[in-house]
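Working notes, structure below.
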Amino acid sequence: MNKSITKYVLLLVLAIFLLWYLLPLYVVVMTSLKSPIEITQRTYLLPGLELRFENYVEAFKLSHMSIINSSIITGAATAISTFFGGLGGYFLSRFKWKISKPLFVLVVIGMFIPYQAVLIPLVQLMATTRLALTYAGLILSYVLLNVPMASTLMGTFFFGLPKELEESAEVDGASKVQIFFRIVSPVAAPAYVSTAIIIFTQIWNEFLIALTLSTPYTTPITVKLAEIKGSYVALYNLQMAAALISSLIPLTFFLVLQKYFIKGALAGALKG
Amino acid sequence: MVSLGRGVTKAGRKFRTRISEILIFFLPLLFFTAILYFMVTWTIYVSFSNWEGVEPKYDFAGLRWYELMFSLSRTHIDVRNNLIWLIVGVLPTLFIALFLAYFLEIWGARKGESIIRTLILYPASMSFIVTGTIWSWMYQPDKGVINTLLRMLNLSFLESRFITDPATANYWLILIFIWQYLGFAIIILQASFRTTELQEMVEAATIDGAGKLNTLFRIILPNIRGGILILLSLLLISALKVFDIVYIVTFGGPGYSTDVLAFFMYIATFQQHLVALGACLAVIIFVIAFILVIPYTLYALKRWFT
């Protein structure tokens, strides 16, 4: 008796929880396919009379340039920071020099530095070097801010890797550089992928740096979406369609590569 | 002679590989880290300067802007709001995620796992700007989704002014944060449940007849300290530097009721052009962040270097 009551309470809590978790997605999809007039009728749970996919066409027209911008900036910054993260992570996990320990501390704290703490100098640097007007400015900023995270994630993976293979290669006369590129890196492919996913999502979704450093020619998607929300106040259908479009790329990455995401560096990070 | 010659080339080769090791593995990381901390130092320097307006001005002003900052009631509101964010935003996320992750594990939904995982993770792949846009629509007081649905279900007494109510606006914003981070937290915890050692321990405890909750608190929790610590640090820092949600949903309003340090920092620096004041706020944010990540840093240090 008592047990069944607990069970029902548990189920109720779970139901409310699921509603809270999933309702937004449902309503957003419904709303994005309606006309503005249908939205004023406030039948949010029902689909519209006809599914207006042209909302997506219009939202895409508004946002496609910034999706291209975001792809260039995020793609380049992710590739560069993951590459250097691999090198740095290998250093932190395999080279026990005197400087390794202090550098490790700086890198780990660096991973958590709030962007506000570097924002003013960053804007100043970008303005004086005139990089602020180009993709390079944003790419460089994101690389700087993400190398510590990439190094820690990659480093934790290398840290958990058995050393025997590398040691026997060293006995055979291979240098650390050769070992890293020929032996360790191929094994680390899943870690590279998962680190890249985490950093890609982070940069794609970043707003503060994007807002302060982008120009009308380099506007990333987050900034564009904030603009759309501000200038199409009543057009919720357009807002929601644009919101969904802008999440499509990171969501696809997540879904396609989720196995890596979970089994790769993250699992490693937890053991370390 | 011969052996000596060989010895020299060997030493030479060793020296050359050392150089290439330094160039390839060490210098890039040192370079990026150095620039990062150089910029932090620069911010601290600006916070002691008299920089007002667009042009940089580095004349020393001592603690002038810090005094101003601490005298502003806006700063006090912000610190209070940030504290609410740190506590209400992080602890429930951690606990709910812990129970849900454990529930999913013992429920053993291995079959539908990829679907469940997709549903769990979808908010995590969105930006705060996206979730903020979505939830603004949910929360909108007169036409918004939640209030409309409540009226439809004859539950009007549950209606709320949500983000337009100064007393509770913070909590509605924090709920967006929890919505966004919960799935991410669950995935991290699930990953840390699934180490082989831990699985074996849980199995042994189950055979010994330990209850589910007992297993969770006595066996699992003490053994996933690493996972919890990194998750806690990530959540705390994200809650501390929250800016996007505030910017997109309330812009700090109504009044200053949802203002936070990070938002004030942005406004002070880029809209009021009180750059020195912005730098002071940035330093405060940095110091809090630094304190918050000390436990994880010590833990990681111990793990890696002993």
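The values are calculated or read from the model by the stated rules, or taken from the named source; none is laboratory data. Note that this is a predicted model, so its numbers are computed, not measured. All Cβ positions, glycine included, derive from the backbone under ideal geometry; neighbour counts span all protein chains shown.
Considering (1) buried (at least 20 other Cβ atoms within 10 Å of the Cβ); (2) of a type in the set (S, T, N, Q); (3) assigned by TED's automatic domain parsing to the domain that holds A:Y236, the lone condition that A:T31 does not fulfil carries the number (3).
I'd like the residue in the range A:167-208 that is free of Cβ contacts under 8 Å to residues at least 24 places away in the same chain and of a type in the set (D, E, K, R) and, out of all such residues, is nearest to A:L251 (Cα to Cα). Please lay out each step first, then the result.
From the range A:167-208, those free of Cβ contacts under 8 Å to residues at least 24 places away in the same chain are A:167-175, A:177-179, A:181-183, A:186, A:189, A:207; that's our starting set.
Filter once more, so that each one left must be of a type in the set (D, E, K, R): A:167, A:170, A:172, A:182.
Working: A:E167: 40, A:E170: 42, A:D172: 45, A:R182: 32 Å.
Going through the qualifying residues, I end up with A:R182.
Do you know which residues across the range B:153-162 are closer than 14 Å to B:P141 by Cβ and modelled with pLDDT under 85? Write out each step before concluding.
Step one: filter the range B:153-162 for residues closer than 14 Å to B:P141 by Cβ, giving B:156, B:158-162.
Once the filter is applied, which keeps residues that are closer than 14 Å to B:P141 by Cβ and modelled with pLDDT under 85, the range B:153-162 yields B:S156, B:L158, B:E159, B:S160, B:R161.
Only one of the numbered conditions (1) closer than 30 Å to A:Y44 by Cα; (2) within 28 Å of the chain's Cα centre (by Cα); (3) aromatic (F, W, Y); (4) away from every other protein chain (no Cβ under 12 Å) is not met by B:W65, and that is (1).
The residues listed here are B:T258, B:T195; of these, the one that is among the polar types (S, T, N, Q) and in contact (Cβ under 8 Å) with a residue 60 or more places away in the chain is B:T258. Restricting the range B:264-276 to residues that are without any contact (Cβ under 8 Å) to a residue 24 or more places away in the chain and under 18 Å from B:A289 (Cα atoms), the residue that is nearest to the other protein chains (Cβ to nearest Cβ) is B:M265.
Selection over the range A:34-58 of residues that are loosely packed, with under 13 Cβ neighbours inside 10 Å and part of a helix (DSSP H, G or I) gives a count of 4. Can you tell me which residues in the range A:106-118 are part of a helix (DSSP H, G or I) and facing chain B (nearest Cβ under 7 Å)? A:L106, A:V107, A:V108, A:I109, A:G110, A:Q116, A:A117, A:V118 - these are the residues of the range A:106-118 that are part of a helix (DSSP H, G or I) and facing chain B (nearest Cβ under 7 Å).
Listed by first and then second residue, the pairs linking a residue in the range A:142-153 that is assigned by TED's automatic domain parsing to the domain that holds A:Y192 to a residue that is crowded, with 24+ Cβ neighbours inside 10 Å and not in a helix (DSSP H, G or I), with Cβ atoms under 9 Å apart and 6 or more places separating them unless they lie on different chains, are A:Y142/A:E206; A:L145/A:E206.
Residues that are over 30 Å from B:Q272 (Cα atoms), at least 2 per element: which helices (runs of 4 or more DSSP H) completely within the range B:13-95 meet that? Give the derivation first.
Values: elements: B:27-47, B:64-71, B:73-84.
Answer list for the range B:13-95: B:27-47.
Every test in (1) within 26 Å of B:F38 (Cα to Cα); (2) in contact with an Asp or Glu (Cβ under 9 Å, 6 or more places away or on another chain); (3) facing chain B (nearest Cβ under 8 Å) is passed by A:Y142 save one, and that test is (3).
Mind telling me which of the residues B:L63, B:L83, B:L91 ends up being loosely packed, with under 15 Cβ neighbours inside 10 Å, at pLDDT below 90 and aliphatic (A, V, I, L, M)?
Working: B:L83 fails: at pLDDT below 90; B:L91 fails: at pLDDT below 90.
Being loosely packed, with under 15 Cβ neighbours inside 10 Å, at pLDDT below 90 and aliphatic (A, V, I, L, M) holds for just one of B:L63, B:L83, B:L91, which is B:L63.
Highlighted here are the helices (runs of 4 or more DSSP H) found entirely within the range B:144-262 that include at least 3 residues which are touching a Phe, Trp or Tyr at 6+ places or on another chain (Cβ under 9 Å): B:145-152, B:169-193, B:225-240. Cβ-Cβ distances below 8 Å connect the following pairs, each with a first residue in the range A:243-272 that is among the hydrophobic types (A, V, I, L, M, F, W, C), a second residue that is modelled with pLDDT of 85 or more and not in a helix (DSSP H, G or I), and a separation of six or more residues or different chains: A:A243/B:M126; A:L251/B:M126.
Here B:L298 fulfils each of the conditions (1) touching a helix residue (DSSP H, G or I) at 6+ places or on another chain (Cβ under 8 Å); (2) more than 7 Å from chain A (Cβ to nearest Cβ); (3) in a helix (DSSP H, G or I) apart from (1).
Could you please let me know if A:V9 is surrounded by fewer than 11 Cβ atoms within 10 Å (Cβ to Cβ) and more than 13 Å from chain B (Cβ to nearest Cβ)? Yes: the conditions hold for A:V9.
I need the helices (runs of 4 or more DSSP H) fully contained in the range A:172-272, keeping only those with at least 2 residues that are at pLDDT 85 or above and within 19 Å of A:L62 (Cβ to Cβ). Show your work before the answer.
Details: elements: A:189-204, A:208-213, A:221-231, A:236-261, A:267-271.
Because the criterion is at least 2 residues that are at pLDDT 85 or above and within 19 Å of A:L62 (Cβ to Cβ), the helices (runs of 4 or more DSSP H) in the range A:172-272 that meet it are A:208-213, A:221-231, A:236-261.
Residue count for the range A:120-130 satisfying the condition of being more than 7 Å from chain B (Cβ to nearest Cβ) and not polar (S, T, N, Q): 5. Does the range B:107-128 hold any residues that are assigned to a helix (DSSP H, G or I) and either of a type in the set (G, A, S) or under 20 Å from A:Y26 (Cβ atoms) (or both), and which are they? Those that are assigned to a helix (DSSP H, G or I) and either of a type in the set (G, A, S) or under 20 Å from A:Y26 (Cβ atoms) (or both): B:S114, B:I115, B:I116, B:R117, B:T118, B:L119, B:I120, B:L121, B:Y122, B:P123, B:A124, B:S125. Scanning the range A:119-142 for residues that are in a helix (DSSP H, G or I), polar (S, T, N, Q) and closer than 20 Å to A:T74 by Cα yields a single hit, A:S141. Taking the stated definitions as given, is B:P166 within 30 Å of A:L235 (Cα to Cα) and either within 8 Å of chain A (Cβ to nearest Cβ) or in contact with a Pro (Cβ under 8 Å, 6 or more places away or on another chain) (or both)? Answer is yes for this residue. Scanning the range A:163-211 for residues that are closer than 30 Å to B:I19 by Cα and touching an Asp or Glu at 6+ places or on another chain (Cβ under 6 Å) yields a total of 2. Taking the criterion of being surrounded by 17 or more Cβ atoms within 10 Å (Cβ to Cβ) and either at the interface with chain B (Cβ under 7 Å from one of its Cβ atoms) or of a type in the set (F, W, Y) (or both), the residues of the range A:82-105 that qualify are A:F83, A:F84, A:L87, A:G88, A:Y90, A:F91, A:L103, A:F104.
Of everything in the range A:159-176 that's within 11 Å of chain B (Cβ to nearest Cβ) and over 21 Å from A:F104 (Cβ atoms), which residue is surrounded by the fewest Cβ atoms within 10 Å (Cβ to Cβ)? First the steps, then the outcome.
In the first step, residues of the range A:159-176 are kept if they are within 11 Å of chain B (Cβ to nearest Cβ); the result is A:159-160, A:170, A:173-176.
Restricting the remaining residues to those that are over 21 Å from A:F104 (Cβ atoms) gives A:170, A:173-175.
Details: A:E170: 14, A:G173: 8, A:A174: 16, A:S175: 17.
Looking at residues that are within 11 Å of chain B (Cβ to nearest Cβ) and over 21 Å from A:F104 (Cβ atoms), I get A:G173.
On inspection, A:T156 qualifies as in a helix (DSSP H, G or I), among the polar types (S, T, N, Q) and within 12 Å of another protein chain (Cβ to nearest Cβ).
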